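These notes concern the structure reproduced below.
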Amino acid sequence: MKVSCLTFHDSTNYGTVLQAYALQTVVTRLGHDYEIINYSNAEKHKHDSLFRKNRELSNILYLYKLINLPQSYWKQKKFRRFTEKYLQTTQRFYTAKELQDYADTRDAILVGSDQVWNCRMIREDPAYFLRFAAPAKRIAYAASIGLSTLTMHEQEFYREMLSEFHQISVREPTAAKLLEEIAHKNAEVVLDPTLLLTSEDWAKVATTPPPKPYIFAYVLEHNSNAQAFLKNLQKQTGLPVHYVSRGVVSAIRDGATYVPSPQEWVSQIMHAEYVVTSSFHGTAFSVNFRKNFFTFVNGSNTQSRQIDFLRAIGLEKRLNPEVCERISLDAPDFSRADSCLRQKRAEAIAFLKTALAAVRKDVSRGKPSGD
């Protein structure tokens, strides 16, 4: 079968790029011809541009964006090399008509995973709900809403977008509950695509490990508790910190200067002595690699992803550890997490097989492709 996937692709986000690679790997292993749809609406195109000022940026934030241009350019270049080497992508599409013409040539269209159904991030673009494809072709794999509460307007938007969507799986129990309540849709909870691959699979992508022990820090926004904890952890262990930069401010304030490629990012987590992160994918990779990790969340509406994930695998004690001078360095007990991941991998692959088989059945019967 000819299978394609649309994802909310941030060209310099480690999680979205790596989950695209992981889902591509799994669906290809199932024997399908797979492509990643390279789509960018007008607003997202402005957001991704190094120079353009999108409507959400204040003048101060735009100035900050310009100051970060050298780092942003270097980071984009690293991500572009990863995409060219590892991802099978289409030409870039900009309009619903282009997407519809393309979808007519494919047997199944997937959408997933990271933040792909966060209506605030995708700016309520119907494309991410596959409205350009025939209902029989639409499959959502591990779609993430990334929100725990919705406004009345947002609830109505989801009801409309999902009215003809039949094959749905989501990444978080919170999202499944929301969809059941507001859209009356039963959604299966499945693993994030990055967790479908084992540590052995990811070792094929990872670069050569650093020569000396270190702490890896991947904190997406300034978090005073995470910074204080990291400082104490460094003092207690005497290990250097490899801190992923978020730009000039993080470099000056936190000493974050490292800009790894996706391959280097995987390798940094894989070989770290300790990981400190506020990221869902930083957490997910730490669990997959059985690392001694600490996850910090700020309690906002978008943090349900880390909380749901760690609760599901029995590692919620790694959330927001106490900031103290003497940190417990005992590694987590991964026995339950390992068992859970094995089971969830099998369930997720079974979902993909069943969903794609249903599409194949409809195609073989000559079911109409249009709405």
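The values are calculated or read from the model by the stated rules, or taken from the named source; none is laboratory data. Please read all numbers here as calculations on a predicted model, not as lab measurements. Methodologically, a virtual Cβ is constructed for each residue, glycine included, from the backbone with ideal geometry; neighbour enumeration extends over all protein chains shown. Side chains included, ligands, DNA and RNA excluded: accessible areas come from the protein's heavy atoms. Shrake-Rupley method; radii C 1.70, N 1.55, O 1.52, S 1.80 Å.
Table for the structure above
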| item | result |
| --- | --- |
| Subset of the stretch 152-178 (residues that are without any contact (Cβ under 8 Å) to a residue 24 or more places away in the chain and under 19 Å from A134 (Cβ atoms)) | E160, S163 |
| Residue in the stretch 211-220 that is among the hydroxyl-bearing types (S, T, Y) and in a strand (DSSP E or B) present | yes |
| Residues (within 13 Å of F334 (Cα to Cα), modelled with pLDDT of 95 or more, more than 15 Å from the chain's Cα centre (by Cα) and of a type outside the set (F, W, Y)) located in the stretch 288-312 | R290, K291, N292 |
| Test: residue in the stretch 266-276 that is among the aliphatic types (A, V, I, L, M), at pLDDT below 90 and buried (at least 18 other Cβ atoms within 10 Å of the Cβ) | no |
| Some residue of the stretch 150-167 being under 19 Å from the mean Cα position of the chain (by Cα) and part of a helix (DSSP H, G or I) | no |
| Neighbours by Cβ (under 8 Å, 6+ apart or cross-chain): first from the stretch 76-104, of a type in the set (S, T, N, Q); second at pLDDT below 95 and in a helix (DSSP H, G or I) | T83/V17; T89/T83 |
| Any chance R159 is open to solvent by 20 Å² or more (accessible area, probe 1.4 Å) and closer than 21 Å to T95 by Cα | no |
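A quick yes/no check of all residues on (1) open to solvent by 10 Å² or more (accessible area, probe 1.4 Å); (2) modelled with pLDDT under 95; (3) farther than 23 Å from W265 by Cα; (4) in contact with a His (Cβ under 7 Å, 6 or more places away or on another chain):
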| position | (1), (2), (3), (4) |
| --- | --- |
| L147 | no, yes, yes, no |
| H166 | yes, yes, yes, no |
| A183 | yes, yes, yes, no |
| P209 | yes, yes, no, yes |
